[in-house]
Structures are given as C-alpha cells and as structure tokens.
Amino acid sequence: MKHTLILSSLLALTLGMTGCDSSPQHPEDLPWQVTLSAEGNPQVFHLDIGKATLKDVIERLHSFPEMAVFAHESGKRTLEAYFGTQRLGLFEAKIIAELQATPAQFDSFQTNNTKREGMASGQWKYTMAEADVKIANDLRVQRLIYMPVINYEPEIVVARFGEPAERAASLQAGIDYWFYPSKGLAILMNTDGKEILYYTNQHDYAAMKQGLLETKPYNDK
C-alpha cells in the first residue's frame with residue numbers, strides 16, 4: 001500500500017509537470033512514453049526496440065549486464081542480458097534485454113558456457129563466456145523487459161497507458177495480460193506481486209503474445 005501511494009504521488013507529479021505549458025520541467029524515460037517507429041519498433045527510454053543493439057543499451061544505462069542463454073526442454077532458447085535494478089527517469093526497475101541470435105550462435109554460446117544450472121521454471125541457464133559476450137554486443141534487442149520496483153494498480157495503468165486493446169488471463173492464477181499492439185507493449189498485471197512490461201517490435205508481437213499466454217512469467221531475479 002505504501003509503495004502504491006508513493007507511485008500515485010509520483011504520477012501526480014508527472015501529470016503536473018507535463019500538464020503545464022509554462023513549466024520548464026518535462027520528465028523523460030517514463031515507461032508510458034512509447035511511440036512506434038515507421039518500421040514498427042517501439043521507441044522507449046531513448047531506445048529503438050528491434051533496431052538498438054546490446055551495446056546501445058549498455059551505453060544508455062551505463063551498466064554491464066549478466067549474460068546467459070536460457071534453454072527450455074521444448075527447444076525454445078532465449079539470450080538474455082540482465083541489467084538488474086536501474087533508474088530511468090523518475091522510477092527504478094529491473095531491466096532485461098532479450099537479443100536476436102541465430103541457431104548457430106545459440107549453439108556456440110551454449111557450448112562455450114562457463115556455468116550450467118537448472119532453473120525452477122524447467123529451463124537450463126548457460127552463463128556466457130567473456131569472448132561470447134563481446135560478440136553479443138552487436139546483436140539487436142528483440143524484446144525489452146521492464147520490471148518496476150513499485151506496484152502498478154490497474155487504474156494507474158489505464159490512466160497512463162490507456163485502455164488495452166485486449167485483456168487475457170494467463171495460465172497462472174492472479175495474473176492477466178493487457179495487450180497494447182499499437183504500442184508494441186504487453187503488461188503482466190499481477191494481483192499479488194509486481195507488474196512486468198514487455199516491449200517488442202510489430203513483427204514479433206504475435207509470437208510474444210502467444211508465448212506470454214502459454215508460458216509462466218519471469219520470476220523476479
């Protein structure tokens with residue numbers, strides 16, 4: 001409750017800043033400040049998702065991530081750059097960048113791993129070797145995941161992001177997904193925990209939506 005009140009106060013502050021033309025203060029890097037490029041890429045936090053590389057994200061956040069390949073028994077693999085808690089604009093959030101990689105690159109990264117460990121989700125985590133991390137710097141960001149430290153109440157989400165085009169229940173009780181395809185955005189709404197925001201380009205949006213509805217959400221790291 002305390003966190004919600006803090007967020008409400010900060011949101012009121014941003015409304016005051018952006019609603020007064022005479023004010024010189026214009027908050028930036030807010031999660032709802034997202035536009036779609038001509039190529040269909042969401043542009044948020046001064047990053048073009050689908051065009052920006054891992055190097056661009058590192059330079060934007062002034063932080064180096066933990067790099068790992070996650071392999072599910074189904075054969076699905078993701079390459080994740082985990083940045084931990086970062087401050088963007090007025091708020092703090094944990095940031096993950098999922099990168100585009102070829103099957104050959106995934107194979108190489110897994111083979112060269114420095115550590116392999118099983119996860120509660122049923123996936124295997126392969127920590128990447130330093131030489132492969134350098135290769136990953138030039139890979140493009142396919143999806144950006146934003147996990148705010150503060151809870152987002154439904155009415156706050158509607159006020160800042162607008163009404164979603166679709167609301168759908170997940171396979172896990174207490175969790176719904178709100179979909180904003182025109183923004184390249186999906187939001188995990190959690191009645192008993194933190195919300196999670198997913199940004200991806202229009203080309204990959206349908207696949208992201210299907211994946212979110214069919215799999216368990218990210219666990220807080």
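From the phi angles alone, apply the Karplus equation (6.51, -1.76, 1.60; θ = phi - 60°) to segment 32-46 and give each ³J(HN,Hα) in whole Hz, x where the residue is Gly or Pro.
For segment 32-46, the Karplus-derived couplings read 8, 7, 10, 10, 9, 6, 4, 7, x, 9, x, 10, 8, 6, 6 Hz, x marking Gly and Pro.
Give me the percent relative contact order of the chain, please, defined on Cα pairs under 8 angstrom at least 6 residues apart.
Once normalised by length, the contact order is 19 percent.
Which Rg and Dmax, in Å, describe the Cα atoms of segment 130-192?
For segment 130-192, the Cα radius of gyration and maximum Cα-Cα distance read 15.5, 46 Å.
Taking the Kirkwood radius as the inverse of the mean 1/r across Cα pairs, report the Rg/Rh of the chain.
Ratio value, two decimals: 0.97.
Students often get this wrong, so check it: of 55/94; 134/183; 55/134, which have C-alpha atoms separated by over 20 Å?
Exceeds cut-off: 134/183.
Please say if segment 41-122 is rounded, prolate or oblate, where rounded means a/c under 1.5 for a ≥ b ≥ c the square roots of the C-alpha gyration tensor eigenvalues, and otherwise the choice is prolate for a/b larger than b/c and oblate otherwise? Write out the running numbers ahead of the final one.
Numbers: a/c = 2.11, a/b = 1.67, b/c = 1.26.
Prolate, since a/c reaches 1.5 and a/b exceeds b/c.
Between the helical axis of 202-214 and the dominant principal axis of the chain, each derived from Cα atoms, what acute angle in degrees is found, rounded to the nearest 10?
80 degrees
Ordering 182, 121 by accessible area with a probe of 1.4 Å, largest first, what comes out?
Final ranking, largest accessible area leading: 182, 121.
Run the simple label-point estimate for residue 107 and residue 125 please: 7 Å along Cα→C-beta, distance reported in nm.
2.7 nm
222 nm [θ] for the chain, helices only, -39500 (n - 2.57) per DSSP H run of 4+, per residue, to 500?
So the helix-based figure for the chain works out to -8500 deg cm²/dmol.
For segment 133-221, what is the accessible area per residue in Å² when the probe is 1.4 Å?
Result: 48 Å² per residue.
Subtract the Cα-Cα distance of residue 63 and residue 35 from 0.36 nm times their separation in residues, and report this length gain in nm to one decimal. If you can, show how the numbers build up before the last one.
Working: separation 28, 0.36 × 28 = 10.08 nm, distance 2.45 nm.
Full extension from residue 63 to residue 35 adds 7.6 nm.
Can you give the accessible area of residue 51, probe radius 1.4 Å, in Å² rounded to 10?
Around 130 Å² of this residue is reachable by solvent.
Whenever you get a sec, compute what percent of the accessible area on segment 36-142 sits on carbon and sulfur atoms (1.4 Å probe). Spell out each step's value before the answer.
Details: 2610 of 5460 Å².
Percent of accessible area from carbon and sulfur atoms in segment 36-142: 48.
For segment 101-148, what relative contact order do you get, as a whole percent, if you take Cα pairs closer than 8 Å and at least 6 residues apart? Walk me through the numbers on the way to the answer.
Values: 32 pairs, mean separation 13.8, N = 48.
About 29 percent, as a whole number.
Can you pull out the GluC sites (Glu not before Pro) in segment 32-104 whose DSSP state is coil and whose Cβ has at most 14 other Cβ atoms within 10 Å?
Passing both the DSSP loop test and the Cβ count: 39, 73.
Taking R0 as 22 Å, what's the FRET efficiency between residue 85 and residue 55 from their Cβ-Cβ distance, rounded to 0.05?
Details: r = 21 Å, r/R0 = 0.95.
Once the sixth-power term is evaluated, E becomes 0.60.
With unit charges on the beta carbons (Lys and Arg positive, Asp and Glu negative) and the dipole taken about the Cα centre of the chain, which residue among 206, 152, 110 sits farthest to the positive side?
Going by the Cα projections, it comes out as 110.
Mind ranking 60, 116, 143 by accessible surface for me, highest first, 1.4 Å probe?
116, 60, 143
The values are calculated or read from the model by the stated rules, or taken from the named source; none is laboratory data. Only a predicted model underlies this, so the values are computations on that prediction, with no experimental measurement involved. We place every Cβ from the backbone using ideal geometry, glycine too, and count neighbours over all the protein chains shown. Protein only, heavy atoms only, side chains kept; ligands, DNA and RNA dropped before computing areas. Shrake-Rupley method; radii C 1.70, N 1.55, O 1.52, S 1.80 Å.
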